[in-house]
Amino acid sequence: MRWKLSLAQRIRAGAALAVVFLLIIATNLIDKNHFRIVKENLTTVYEDRLLTKNYLYLISRNLQQKKEILQSSDEDDLRELHLAINDSIDALIDRFSSTKLTEQESLRYTSLKENIQALKKSENAYVSDETITPEAPISTNSEQYFQAVFEDLDALFKIQLEEGSRVISSSNQTIRSSDLIAKLEIGALIVIGILIQLLIFMKPSKHQ
């Protein structure tokens with residue numbers, strides 16, 4: 001037997017359907033925002049952490065090569081590779097500066113740049129020396145600046161690990177929140193669906 005819905009039942013059913021509609025829209029907007037956050041975090045991990053670690057690694061390798069050349073006092077290699085290595089380091093430093101730096105990272109970057117410039121001044125005087133011999137070791141000042149530069153690089157490597165871990169943790173938290181909201185949405189839709197069924201199929205009272 002078909003039951004005719006009263007005006008009050010129709011209003012309640014319409015309100016319930018409106019709630020379902022709004023719930024779906026709100027959840028989609030939240031999911032879209034979560035997706036955007038995760039996408040941005042993944043981009044950050046790649047562009048501002050993985051690539052940055054590669055820049056730092058290449059700078060470190062260039063500095064180590066520079067140090068070995070200075071210590072070997074091979075005049076041909078020294079003067080031939082000196083400018084090439086410096087150009088490579090400068091290019092890597094510029095790439096590093098184009099990434100998104102944290103406040104702590106920015107301070108270390110400034111220190112690294114200053115120490116590299118100080119190292120260049122020290123080694124320029126050494127390279128321009130016309131009396132370079134195999135017995136002429138790297139200057140004490142250069143060794144001091146090498147140590148300062150490598151300390152900056154170590155600190156920057158540590159920051160990459162910490163920031164990468166923080167971003168991944170944030171992404172995981174966002175994914176967990178999205179999963180929880182999806183489960184709550186499913187539960188709410190089930191409850192609202194049951195209520196709508198009751199409103200539609202429940203026999204109206206005789207005085208309605």
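Readers should treat all values here as calculations from the given coordinates under stated rules, not as data from a laboratory. No experiment lies behind these values; they were computed from the predicted model shown. Cβ: placed from backbone, ideal geometry, glycine included. Neighbour counts: every protein chain shown.
Numerical summary
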read-out: Residues with amide H under 5 Å from that of Leu101, placed H, sequence gap 5 or more; value: none
read-out: Length added when fully stretched, Glu151-Asn172, from 0.36 nm per residue minus Cα-Cα; value: 4.4 nm
read-out: Length added when fully stretched, Asp87-Ser106, from 0.36 nm per residue minus Cα-Cα; value: 4.7 nm
read-out: Potential lengthening between Asn33 and Ala15 on full extension [0.36 nm per residue; Cα-Cα distance subtracted]; value: 3.8 nm
read-out: 32 Å Cα-Cα threshold exceeded, pairs from Lys66/Lys100; Lys32/Lys113; Lys100/Lys183; Lys53/Lys120; Lys39/Lys67; value: Lys32/Lys113; Lys100/Lys183; Lys39/Lys67
read-out: Sites Ile24 and Ile194 - FRET efficiency at Förster radius 22 Å, r taken between beta-carbons, to 0.05; value: 0.85
